[in-house]
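The values are calculated or read from the model by the stated rules, or taken from the named source; none is laboratory data. Since the model is a prediction, treat every value here as computed from it, not as a measurement. Ideal geometry is used to build each Cβ from the backbone, glycine not excepted, and the neighbour counts take in all protein chains shown.
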Protein chains: 6
Amino acid sequence: MNLSERSWTDVADTDTNLAVVPVGSTEQHGPHAPLGTDVLTATAVAEAGVDRYEGEAILAPTIPVGVAAEHRQFTGTLWVSEDSFRAYVRETIESLASHGWDRVVVVNGHGGNVDALRELCGTLVRDETAYAVPFTWFDGIDYGAIHPDLRMGHGGPVETSLVQHVRPELVREDRLDAAAEEGSEGWGEWQSGVNLAYDSAEFSENGVVGDPRDGGPAVGEQLLDSAATALADLLLTVRDRAVSRPPHRDASE
Amino acid sequence: MNLSERSWTDVADTDTNLAVVPVGSTEQHGPHAPLGTDVLTATAVAEAGVDRYEGEAILAPTIPVGVAAEHRQFTGTLWVSEDSFRAYVRETIESLASHGWDRVVVVNGHGGNVDALRELCGTLVRDETAYAVPFTWFDGIDYGAIHPDLRMGHGGPVETSLVQHVRPELVREDRLDAAAEEGSEGWGEWQSGVNLAYDSAEFSENGVVGDPRDGGPAVGEQLLDSAATALADLLLTVRDRAVSRPPHRDASE
Amino acid sequence: MNLSERSWTDVADTDTNLAVVPVGSTEQHGPHAPLGTDVLTATAVAEAGVDRYEGEAILAPTIPVGVAAEHRQFTGTLWVSEDSFRAYVRETIESLASHGWDRVVVVNGHGGNVDALRELCGTLVRDETAYAVPFTWFDGIDYGAIHPDLRMGHGGPVETSLVQHVRPELVREDRLDAAAEEGSEGWGEWQSGVNLAYDSAEFSENGVVGDPRDGGPAVGEQLLDSAATALADLLLTVRDRAVSRPPHRDASE
Amino acid sequence: MNLSERSWTDVADTDTNLAVVPVGSTEQHGPHAPLGTDVLTATAVAEAGVDRYEGEAILAPTIPVGVAAEHRQFTGTLWVSEDSFRAYVRETIESLASHGWDRVVVVNGHGGNVDALRELCGTLVRDETAYAVPFTWFDGIDYGAIHPDLRMGHGGPVETSLVQHVRPELVREDRLDAAAEEGSEGWGEWQSGVNLAYDSAEFSENGVVGDPRDGGPAVGEQLLDSAATALADLLLTVRDRAVSRPPHRDASE
Amino acid sequence: MNLSERSWTDVADTDTNLAVVPVGSTEQHGPHAPLGTDVLTATAVAEAGVDRYEGEAILAPTIPVGVAAEHRQFTGTLWVSEDSFRAYVRETIESLASHGWDRVVVVNGHGGNVDALRELCGTLVRDETAYAVPFTWFDGIDYGAIHPDLRMGHGGPVETSLVQHVRPELVREDRLDAAAEEGSEGWGEWQSGVNLAYDSAEFSENGVVGDPRDGGPAVGEQLLDSAATALADLLLTVRDRAVSRPPHRDASE
Amino acid sequence: MNLSERSWTDVADTDTNLAVVPVGSTEQHGPHAPLGTDVLTATAVAEAGVDRYEGEAILAPTIPVGVAAEHRQFTGTLWVSEDSFRAYVRETIESLASHGWDRVVVVNGHGGNVDALRELCGTLVRDETAYAVPFTWFDGIDYGAIHPDLRMGHGGPVETSLVQHVRPELVREDRLDAAAEEGSEGWGEWQSGVNLAYDSAEFSENGVVGDPRDGGPAVGEQLLDSAATALADLLLTVRDRAVSRPPHRDASE
């Protein structure tokens, strides 16, 4: 049930403890994909997953600005600090929980949000305010079942395919070649198990990682299907997860 | 130019210092209007105003959760603390300013956001980070020119009319009578110039203030037109406003 | 009962739940009125209102520095950030509430404090720590009953009259003409319902808004009388106001 | 020059870099002395010291609520957290410094404020915002020159004497015997160099430490004189103290 | 050069820009391994890596308490919030940078610290205060070269082996069987790419993950050697890494 | 019982409510004594005191970086802000209390930590989270019993002697003369009871205060013995101290 489109009396009549909060980012995705990519994809996956879920779940509005300072050298990238992001999302979830929707899945569309979401959900869980987990949709895909070479990247084949499926007019097909040619093959610069880079401008000329031509709308449809299934399965589990935490452990000896 | 729908290279090619940030709230608007009313209306006004403005302005994504604890007794209302809201919006504007869009109008759809937006814009202005002002669309309307009795309320004729115009399917027309009859006539409880109430549940049975039947889609169209004109005029002024502040004043005697 | 002038055993013997906290600001009030105007006026109104109130109320000391960055270009203006002001006043009220004085009226003498006081009182109210409301004395006056043209301004006729009444030696009568002539007629610069100005130095040469000659000690006496009555009436209401908040609302359909 | 009583144009005409900020506390001082003792004494010392100082110094309004949770079990004690106190006082000093008064002496009347004032002044000094030091008046007295047995206490002979001198009507002489008899001889409970007590209610029945009968108005006059001299001497030194900090030190070998 | 063991004049004579900050955690590591395991291992790796590095690097003291709420159900686990941890480590690095050691490697011994360290180092890097990276020693090991089945776990073969090598007396060999038998095979509970567990008490009876018998002191020696080499290599790279960040990117089309 | 060296099952089997947290600082101690002096001494005293205490007490790991900005001009000094230090130590103690060790003595080795430790322990005590007190070892010594002229200083005879006793190889005996000759006699610059200095670089050429030759290893042994006894005595008292606070006090008249 899309919270934003219903009245308070409508949602007060629901009988569910589940809420879904899409969280994106507005940031560069190369010359070919829109700045709103992570918002579009998180929203599309959240809607599809809620639809596929057999029971009822409340779909909150999508939070559009995330932790994206790593892309700030590219015009149009919006970002907030980790602290502000954590507070804003955590308090939004607290308000959901105040209405009884205290099993929450955050559907995340941006890699840079992952750590902050895990932290804020952990805070809510340890406070026993809500049981909340972040679901980063591209980490829940069975890529092998779609195409063995498909890899996430940034503005790469995975994200581009999903936008080509849900909002095809927003992908500039005429720029795909340039996007691929001036992009980077992998994310970051690595040594001794450490990523030396903090900004995508350190390793990608145009902000792209991966070859966005390695997909297309059909791949996008498969990705959405796979992510929606993973989310629906997750909702079923989260619905029955306790809000209370394990007790203090006595010595086992 | 809708930032979310264009690539970073597109927006890097613009020649403007203007950005528009719509800010709403997801909160009860009575039994007849959607919880997303303030998001819908702020977005509609921002889009229409940017369209009407003769030059170019960057349209940022709409921030959907605001300062709405005053409605928290009604199911579905989402809110964050004033601190978190100020930080989230302020840092979003800072990121816009980092790209050269440092004359910013926040288009606001919710009365509860007004003080917080004024404060955070003041912080940005006094830091000389950006020149930013909040434009609360329903405060910029020439109501007399539309209908002499039209008053803002909450889920009342002004907001309901605008939703009836832009998203008619989201207004439950069959509940308008109940909405009006169980609503309140005015906002708050007043004595000695002080509003004694902090929560809408203190003075409205169903969350409504004002009679939502005192409008309609045609009024909504007029409201949108009036707000768009006011916003376009404001953008013209803000474009030429300095970011720097007045100097320290010497004694005038 | 003036808290500062009595011993702890004296105030422990009172039987009241009411406290009054005067809050001012130390800031420019033109060339003719003292920097302490808002402290003097808030204190005078608080004392007069507590006197007029038929029961007992605890009068706390006046907090002298407020939210006044808007006047910082004028020498002598003191200010703190909104965050620090909110914390300082809120915790002061929490300490009052810890002694059983949990119905609190903040008597405010400065327009720049209004939003911050409303926010911090709201926090206390929603936490159910205390029932607290800010009373900005010049918003509680029945101006029509005094003089139809009297308007607030800044260092204008309202504030100047009250200081002329309570501390006449602090008003430089020989500067009233200059104060009026180099002052501004209205507060701010307005377009599309938005105040474009953030600092009084943007629209007033000497910091004055309004003509301070449009009053005098007799008007000041009337203002004090009117404000004291409004405050006494408010105390009577606040005394009986509950600290607890309304319950969560079920759907009305 | 008393800032609060002069106009901004008056203080803009001064030629000094010195400001004095009195800081008190509103807290229990036994059954005989007023809750405002620390405000009264800090203000009296600050006024007398500024008068005695041969040059000009700006006297700011007195900050009335401090770090006094240690007395919170006694009705009427007001307090804020250390964090809020530090922020409020520090930002007040920052506003003084913005007008060129960047050599600041905080005149403190309460032992519980000492650590917090030292910390916040240190922050200002290390930021090179201002050169600021706290002067706790009763630590600047040459007690031996007044009476060899005079010791500070709390609501004891030192504070009581000063109030007897400056505001005699506020001391309840008829309660001095009870004050002394139910009070404590020393501050705290000590072991291994550690004060085990955190609250005065742990070691004093009525909040008093020391015998308030061991002084009187004549002693109060001597105390004020001694403190004023110490403050005037301090102002002379602070006036010439640099705001800049020492450079990083190279190895001396 | 071990900072703690030398005088300030000694370290002032060094000619290096490199500092190494070991960070551990004091937390349960099963019935057989000490609560200080992560402190011991981080310190051992840091010392060995600094020794192996051909140039000079300053070795800071080990920070002993980290982000470990996930183990709080097990007695003896110490932890601080992510916010406090980030502030404490970040400011420690800022102090190192103030002396010219502004290329910093944090040697981390605890998985729970990883996200917080990455965030705080990112803050320092983006502020251009220092170039700092976290090196989590067990992520820098070439496990294949040691034993193909070796996996990290918690109190498992990797950590236990290293303690067996550097502080053998602290491992209770007689409890290894129990440790293995009541432990868990993997970390967490997974569905749809999401770890549903927030606390180790949710999936491990005694806090152990992995079989601590799958190693031994000889494996520990190899691990230390491998980690030291990886760290020395990293230091060589970090030494030459710029503190300044990439410039804002113009549109590439 | 040294927490770091035992397993969680070992410490879960203890029957005590006492924990000891050593806190030091890593900062200049002149040309002759190590930067780690305050860590070494706090640790040595804590270990000796826990040993001497007749019952059981949990010894936590030593926190190595404190409030030491006052020494930042000398290379190698590490420090964090007071806020970060308070949060880090307070939360560490909260984690100890969560396991039932809620009577806590912080053994402090650095004068600059004193105020911050008192504040954070006060916060814990007033929250009734734990009964915690800071024990600054050099304030608990009976100096008269050792040598009548022994005074604390900085890098002076007291600290130097203790390091000479516990880690003699870390004191550069060949630099003692230079240390003494270029050091300062007293701490700070005083006027009117106020220390005008905020940084040791303002009054000491090489960071030393006092003559480090006025002691030696034998004095160090006596100091350690005296401090250990004082700490053991304190533990006995703290063990039986209540965590709950005194009740609100009624008027005594």
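Just a yes or no: is a residue in region A:25-37 out of contact with any helix residue (DSSP H, G or I) (no Cβ under 7 Å at 6 or more places or on another chain) and either buried (at least 24 other Cβ atoms within 10 Å of the Cβ) or facing chain B (nearest Cβ under 7 Å) (or both)?
No, because not a single residue in region A:25-37 is out of contact with any helix residue (DSSP H, G or I) (no Cβ under 7 Å at 6 or more places or on another chain) and either buried (at least 24 other Cβ atoms within 10 Å of the Cβ) or facing chain B (nearest Cβ under 7 Å) (or both).
Is one or more of the residues making up region B:160-176 among the small types (Gly, Ala, Ser) and farther than 23 Å from B:GLY49 by Cα? It would help to see each step written out before you state the result.
Looking only at region B:160-176, we keep the residues that are among the small types (Gly, Ala, Ser), and these are B:161.
Narrowing further to those that are farther than 23 Å from B:GLY49 by Cα: none.
Scanning region B:160-176 turns up no residue that is among the small types (Gly, Ala, Ser) and farther than 23 Å from B:GLY49 by Cα.
Out of (1) surrounded by 16 or more Cβ atoms within 10 Å (Cβ to Cβ); (2) more than 17 Å from the chain's Cα centre (by Cα), the odd one out for B:ALA145 is which?
The failed condition is (1).
Taking the residues in region F:45-74 that are assigned to a loop (DSSP other than H, G, I, E, B) and either polar (S, T, N, Q) or under 10 Å from the mean Cα position of the chain (by Cα) (or both) as candidates, determine which candidate is farthest from the other protein chains (Cβ to nearest Cβ).
Residue satisfying both the conditions and the ranking: F:THR62.
Given (1) surrounded by fewer than 24 Cβ atoms within 10 Å (Cβ to Cβ); (2) in contact with a strand residue (DSSP E or B) (Cβ under 9 Å, 6 or more places away or on another chain), where does F:VAL65 come up short, assuming only one miss?
(1)
Restricting attention to region E:161-177, report how many residues are buried (at least 24 other Cβ atoms within 10 Å of the Cβ) and either among the hydrophobic types (A, V, I, L, M, F, W, C) or touching a His at 6+ places or on another chain (Cβ under 7 Å) (or both).
3
Need the failing condition index for B:PRO217 against (1) of a type outside the set (S, T, N, Q); (2) closer than 23 Å to B:PRO134 by Cα; (3) surrounded by fewer than 17 Cβ atoms within 10 Å (Cβ to Cβ), just the number.
Single failed check for B:PRO217: (2).
Can you work out which of the residues in region C:117-127 that are in contact (Cβ under 8 Å) with a residue 24 or more places away in the chain and either among the basic types (Lys, Arg) or within 17 Å of C:TRP79 (Cα to Cα) (or both) is surrounded by the fewest Cβ atoms within 10 Å (Cβ to Cβ)?
So the residue we want is C:ARG126.
Quick check on D:VAL114: is it within 16 Å of the chain's Cα centre (by Cα), farther than 30 Å from B:HIS248 by Cβ and surrounded by fewer than 24 Cβ atoms within 10 Å (Cβ to Cβ)?
In short, yes.
Quick check, is B:THR77 within 14 Å of chain A (Cβ to nearest Cβ) and surrounded by 24 or more Cβ atoms within 10 Å (Cβ to Cβ)? Steps first, answer last, please.
Numbers: within 14 Å of chain A (Cβ to nearest Cβ): yes; surrounded by 24 or more Cβ atoms within 10 Å (Cβ to Cβ): yes.
Considered against the rule, which asks whether it is within 14 Å of chain A (Cβ to nearest Cβ) and surrounded by 24 or more Cβ atoms within 10 Å (Cβ to Cβ), B:THR77 comes out as yes.
Quick check: is even one residue across region C:243-253 away from chain A (no Cβ under 14 Å) and of a type in the set (D, E, K, R)?
We begin by selecting, within region C:243-253, every residue away from chain A (no Cβ under 14 Å); these are C:243-244.
Subset that is of a type in the set (D, E, K, R): none.
No.
Does region D:190-242 hold any residues that are without any contact (Cβ under 8 Å) to a residue 12 or more places away in the chain and within 7 Å of chain F (Cβ to nearest Cβ), and which are they?
D:GLN191, D:SER192, D:GLY193, D:VAL194, D:LEU196, D:ASP233, D:THR237
Considering region D:110-159 alone, what residues qualify as being aliphatic (A, V, I, L, M) and in a strand (DSSP E or B)?
D:ALA132, D:VAL133
Would you check which residues across region F:98-145 are of a type in the set (Gly, Ala, Ser) and in contact with a Ser or Thr (Cβ under 6 Å, 6 or more places away or on another chain) and list them?
The answer is F:GLY109, F:GLY140.
Would you point out which residue out of E:VAL80, E:VAL89 is assigned to a loop (DSSP other than H, G, I, E, B) and of a type in the set (A, V, I, L, M, F, W, C)?
Just one listed residue meets the conditions, E:VAL80.
Just to be sure I understand, how many residues within region C:81-94 are at the interface with chain D (Cβ under 7 Å from one of its Cβ atoms) and surrounded by fewer than 24 Cβ atoms within 10 Å (Cβ to Cβ)?
The qualifying residues number 4.
Pull out all pairs, ordered by first then second residue, where Cβ-Cβ is under 7 Å, the residues are six or more apart or on different chains, the first lies in region D:140-167 and is without any contact (Cβ under 8 Å) to a residue 40 or more places away in the chain, and the second is of a type in the set (A, V, I, L, M).
Going by the 7 Å Cβ cut-off, the qualifying pairs are D:TYR143/D:LEU150.
Is one or more of the residues making up region F:8-30 under 15 Å from E:TRP8 (Cβ atoms) and in contact with a Phe, Trp or Tyr (Cβ under 6 Å, 6 or more places away or on another chain)? Working first, answer last.
Residues of region F:8-30 under 15 Å from E:TRP8 (Cβ atoms): F:25-30.
Okay, now just the ones that are also in contact with a Phe, Trp or Tyr (Cβ under 6 Å, 6 or more places away or on another chain), so F:28.
Yes; the residues of region F:8-30 include at least one that is under 15 Å from E:TRP8 (Cβ atoms) and in contact with a Phe, Trp or Tyr (Cβ under 6 Å, 6 or more places away or on another chain).
Does A:GLN164 count as within 24 Å of B:SER7 (Cα to Cα) and either more than 10 Å from chain E (Cβ to nearest Cβ) or β-branched (Val, Ile, Thr) (or both)? Walk me through it before giving the result.
Working: within 24 Å of B:SER7 (Cα to Cα): yes; either more than 10 Å from chain E (Cβ to nearest Cβ) or β-branched (Val, Ile, Thr) (or both): yes.
In short, yes.
Condition first: surrounded by fewer than 24 Cβ atoms within 10 Å (Cβ to Cβ) and at the interface with chain B (Cβ under 9 Å from one of its Cβ atoms). Now tell me which residues in region A:14-24 satisfy that.
A:THR14
Sort through E:ALA178, E:ALA97 and tell me the only one that's of a type in the set (A, V, I, L, M) and within 10 Å of chain A (Cβ to nearest Cβ).
E:ALA178
List the number of the failed condition for A:ALA44; all other conditions in (1) farther than 22 Å from A:ALA69 by Cα; (2) touching a residue at least 40 places away in the same chain (Cβ under 8 Å); (3) buried (at least 24 other Cβ atoms within 10 Å of the Cβ); (4) in contact with a strand residue (DSSP E or B) (Cβ under 7 Å, 6 or more places away or on another chain) hold.
So the condition that A:ALA44 fails would be (4).
Pairs only if they're at least six apart or on different chains, beta carbon under 8 angstrom, first in region B:100-111 and of a type outside the set (S, T, N, Q), second at pLDDT below 95; list them, first residue then second.
That search, which allows pairs on different chains as well, returns B:GLY111/B:MET152.
When E:ALA42 is evaluated against the numbered criteria (1) facing another protein chain (nearest Cβ under 7 Å); (2) part of a helix (DSSP H, G or I); (3) in contact with a Gly (Cβ under 9 Å, 6 or more places away or on another chain); (4) not charged (D, E, K, R), which criterion, by number, is the only one it fails?
Of everything listed in (1) facing another protein chain (nearest Cβ under 7 Å); (2) part of a helix (DSSP H, G or I); (3) in contact with a Gly (Cβ under 9 Å, 6 or more places away or on another chain); (4) not charged (D, E, K, R), E:ALA42 misses just condition (1).
Would you check if there is a residue in region B:217-232 being at pLDDT 95 or above, part of a loop (DSSP other than H, G, I, E, B) and on the phi < 0 side of the Ramachandran plot?
Initially, region B:217-232 is screened for residues at pLDDT 95 or above, giving B:217-232.
Now restrict to residues that are part of a loop (DSSP other than H, G, I, E, B): none.
Within region B:217-232 (the criterion being at pLDDT 95 or above, part of a loop (DSSP other than H, G, I, E, B) and on the phi < 0 side of the Ramachandran plot), the answer is no, since none of the residues qualifies.
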